[in-house]
Amino acid sequence: MPPKNTILIIGASRGLGLALTEAFCQRGWHVIATTRAPSAALDEVAQRFPASLEAERVDLAEATSVQALRERLSGRSLDMLFVNAGIAKSITATASTAPQQDFLDMMLVNALGPMRLIELFEPVVAPHGTIAAMSSELGSITQNSGAWDLYASTKAALNMLMKCFAARRPHDGRAMLVVAPGWIRTDMGGDEATYSIEEAIPRVVDTLEKNHGRPGLRYVDRFDATLPW
Ligand SMILES: NC(=O)c1ccc[n+]([C@@H]2O[C@H](COP(=O)([O-])OP(=O)(O)OC[C@H]3O[C@@H](n4cnc5c(N)ncnc54)[C@H](OP(=O)(O)O)[C@@H]3O)[C@@H](O)[C@H]2O)c1
């Protein structure tokens, strides 16, 4: 049997990250899945896939926590790194009405934190592997018609940071992806969102697997359609 591909998924306690973890286990990957705190939901997946799932701990907002995870995983090789974690605050507010700290928190968790982790983990991602982060359709400056202003800005910042990261590595053999999953019913997406996790996540995983081994930066939706930056 060929060795399993390994994926590191950041932010797997619930919602899309938990579903991604289960889906990659089902598709025969070895999954290292991180949470900030014990997660009964992730434990339940681990019981069903004991040979495939490794639980780890990291808080994306804490540089020391990210560095500690990096040290624990030194010597490992990742085929795919997927930073899923994200937060949304003050979603109906604007720059003048939102608490300033909400915007700063989102910038840290949605933009700076993911890129800091990606830069630190880059050396352990295989030369033809994949480096990906969960963005959003709302992060498209071209397409956003005025929704979730502050959250959207932090996803646009994430997209820009990935673009700069990729531009500095023009000959890199890895796929670099910012992925927009659609509006999905999770704690963040809310009950009014268009799609269920079950509808959306298999398509996200299809897109990740399809792009795996295809060098270059792409901003794609769950159907692998290219989105305008
Ligand atoms: N749902 C949607 O409609 C939608 C649409 C577009 C994009 N997205 C993006 O998809 C990703 C997942 O969203 P979701 O809907 O699954 O949200 P969710 O249900 O709120 O889950 C968010 C996940 O991120 C983790 N997280 C938050 N802060 C973290 C930190 N500082 N360090 C590490 N992990 C942290 C959470 O862990 P804890 O349990 O410890 O809080 C949780 O696992 C996010 O990046 C989000 O922006 C979602």
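The values are calculated or read from the model by the stated rules, or taken from the named source; none is laboratory data. Keep in mind it's a predicted model, so treat the numbers as computed, not measured. Glycine also receives a Cβ, built like all others from the backbone with ideal geometry; neighbour counts cover every protein chain displayed. To get the accessible areas, we keep the full protein, side chains included, count just its heavy atoms, and leave off ligands, DNA and RNA. Shrake-Rupley method; radii C 1.70, N 1.55, O 1.52, S 1.80 Å.
Taken together, the criteria place Ala19 among residues that are among the small types (Gly, Ala, Ser), buried (at least 20 other Cβ atoms within 10 Å of the Cβ) and part of a helix (DSSP H, G or I). Looking only at residues of the range 189-217 that are within 12 Å of the ligand (Cβ to nearest atom), part of a loop (DSSP other than H, G, I, E, B) and open to solvent by less than 70 Å² (accessible area, probe 1.4 Å), we find that the one that is farthest from Gly15 (Cα to Cα) is Ala193. Conditions: (1) surrounded by 18 or more Cβ atoms within 10 Å (Cβ to Cβ); (2) over 17 Å from the mean Cα position of the chain (by Cα); (3) within 10 Å of the ligand (Cβ to nearest atom). Ser65 meets all but one. Number of the miss? If we test Ser65 against (1) surrounded by 18 or more Cβ atoms within 10 Å (Cβ to Cβ); (2) over 17 Å from the mean Cα position of the chain (by Cα); (3) within 10 Å of the ligand (Cβ to nearest atom), just (1) comes out false.
Within the range 39-51, restricting attention to residues that are in a loop (DSSP other than H, G, I, E, B) and more than 21 Å from the chain's Cα centre (by Cα), the residue that is nearest to the ligand (Cβ to nearest atom) is Phe49. Is one or more of the residues making up the range 74-83 at pLDDT 95 or above, surrounded by 15 or more Cβ atoms within 10 Å (Cβ to Cβ) and of a type in the set (Lys, Arg)? The answer is no; no qualifying residue exists.
Residues of the range 87-128 being at negative phi, touching a residue at least 60 places away in the same chain (Cβ under 8 Å) and open to solvent by less than 60 Å² (accessible area, probe 1.4 Å), which ones? Result: Ile87, Ala88, Pro114, Leu117, Phe121.
The single condition among (1) under 19 Å from Leu81 (Cα atoms); (2) crowded, with 20+ Cβ neighbours inside 10 Å; (3) out of contact with any Leu (no Cβ under 8 Å at 6 or more places or on another chain) that Val220 does not satisfy is (3).
Within the range 28-38, is even one residue part of a helix (DSSP H, G or I) and either within 13 Å of the ligand (Cβ to nearest atom) or at pLDDT 95 or above (or both)? Within the range 28-38, none of the residues are part of a helix (DSSP H, G or I) and either within 13 Å of the ligand (Cβ to nearest atom) or at pLDDT 95 or above (or both). Highlighted here are the strands (runs of 3 or more DSSP E) found entirely within the range 72-181 that include at least 1 residues which are over 19 Å from Tyr219 (Cβ atoms): 78-83, 125-134.
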